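J.: Could you have a look at this structure, given as structure tokens, before my questions?
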Ligand SMILES: Nc1ncnc2c1ncn2[C@@H]1O[C@H](COP(=O)(O)OP(=O)(O)OP(=O)(O)O)[C@@H](O)[C@H]1O
Ligand SMILES: [Mg+2]
């Protein structure tokens with residue numbers, strides 16, 4: 001009997017493995033500021049702890065291990081800058097935001113050079129405050145949440161995993177491992193949603209720079225004229241609106257890792273500057289003429305075909321070669337369908353804690369044969385929706401988007417024509433039967449066969465399956481009919497009859 005559905009069991013109750021609460025340490029002697037923060041960031045996802053002096057703040061930092069520190073630059077007792085210096089000795093990468101009043105921005109700039117993440121001007125502009133704080137919390141999460149590239153399923157509580165067992169993903173894992181000891185520039189390519197950012201973070205977490213900052217810049221999301229300043233900073237008066245000096249990401253990320261996302265969208269001017277940093281390790285702030293040295297490891301990513309951009313002269317060829325030192329290409333999900341089942345299992349766990357832990361084989365088969373233009377991100381989103389849609393504790397085809405249940409865009413893996421039976425999967429258990437469980441991939445295979453048969457009503461599933469099984473078994477046993485009959489659980493006489501009926505020739509069977 002086939003399993004009614006595929007159950008992905010989690011052995012222990014799932015803890016909040018993926019979205020730990022953010023802890024924010026506020027160091028300020030003004031009670032009003034603490035009150036404002038509580039009001040602005042009132043959320044079950046954020047916990048605020050506070051200290052009213054640098055000394056107290058440092059103690060609390062070691063004890064509470066916050067993800068983000070927000071500190072006034074003017075503190076009674078130990079100054080904000082001194083507190084920052086000591087804090088950096090305790091932890092080189094925890095993001096620290098300095099608060100400063102108008103007129104004291106020079107001190108804030110000093111703080112940035114000491115490795116502060118950013119600074120805020122008092123009184124606060126609330127949308128800007130939120131933007132900076134949420135950005136810093138995201139950076140903190142990226143630095144803290146280790147991305148494991150071991151193809152594991154029993155993910156550690158604190159680890160995010162890159163899931164995949166397919167051959168191309170194994171190559172990716174191998175490359176990440178090989179890169180761990182080096183500082184080489186890496187270029188990650190692949191369609192949208194294939195996991196480029198995840199791979200960038202895995203490289204960072206396994207590199208020698210993992211105790212130093214990791215910052216990300218999305219080159220496509222920042223308006224052209226601001227990107228250069230975001231990356232390299234600017235001097236006061238460099239352009240209209242540059243009312244104060246600004247320290248860019250390269251400078252803030254000294255000794256760390258900078259992830260340049262969507263690099264295919266950079267202007268020629270920015271490309272030239274990036275090339276220069278890669279060649280000489282120096283750059284200038286916009287409007288400045290002092291060369292600044294930065295020791296930054298670059299990981300770049302793009303979903304655009306850069307070779308074409310080079311040919312069209314939209315992307316500098318010399319920069320392309322500089323970035324392309326080590327290239328990791330992430331294959332689209334439709335080219336590694338064998339990973340879909342694992343990804344489904346992983347996401348169902350990740351979307352927990354929830355009683356819903358299973359998916360019907362029919363729904364799984366639909367997922368396995370979908371075209372996945374949005375790749376893993378699309379799969380994650382569809383499952384997120386399905387978890388909400390599902391009425392019981394099993395995801396059924398009706399919980400998937402309606403277009404998925406109709407005509408699939410591409411046939412299932414290798415399709416029914418080659419009936420390679422998948423190996424039984426120990427992770428999948430049959431919930432209701434005491435019989436030895438058949439490989440529950442069989443149900444997925446059956447779905448694929450139904451799809452194959454529906455395409456042409458002359459196709460007959462059962463004889464096709466029988467014929468293919470016999471051919472495969474003969475190949476497996478090098479044409480030994482005794483062994484083939486035993487493997488298939490039929491008599492030798494039946495086997496002979498079938499071989500004749502299906503016209504299986506020796507040379508077809510043993511290739
Ligand atoms: N192999 C994988 N295992 C587990 N999760 C994955 C995997 N690949 C991608 N994801 C998840 O899918 C989502 C999209 O991944 P990511 O943001 O890294 O894609 P991307 O290639 O950077 O896409 P884009 O080009 O659109 O920026 C993320 O939530 C990521 O965690
Ligand atoms: Mg991305």
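Values in this text are rule-based calculations from the coordinates and carry no lab data. Since we're looking at a predicted model, the values are computed, not measured. So basically every Cβ, Gly included, is an ideal-geometry build from the backbone, and we count neighbours across all protein chains shown.
J.: Based on the mean of other Cβ atoms within 10 Å per residue, sort peptides 312-323, 46-57 so the most packed one is first.
T.: In decreasing order of mean packing, 312-323, 46-57 become 46-57, 312-323.
J.: Can I ask one more? Rounded, prolate or oblate for segment 22-144? Axes are the square roots of the Cα gyration tensor eigenvalues, ordered a ≥ b ≥ c, and the cut-off for rounded is a/c under 1.5.
T.: The shape class here is rounded.
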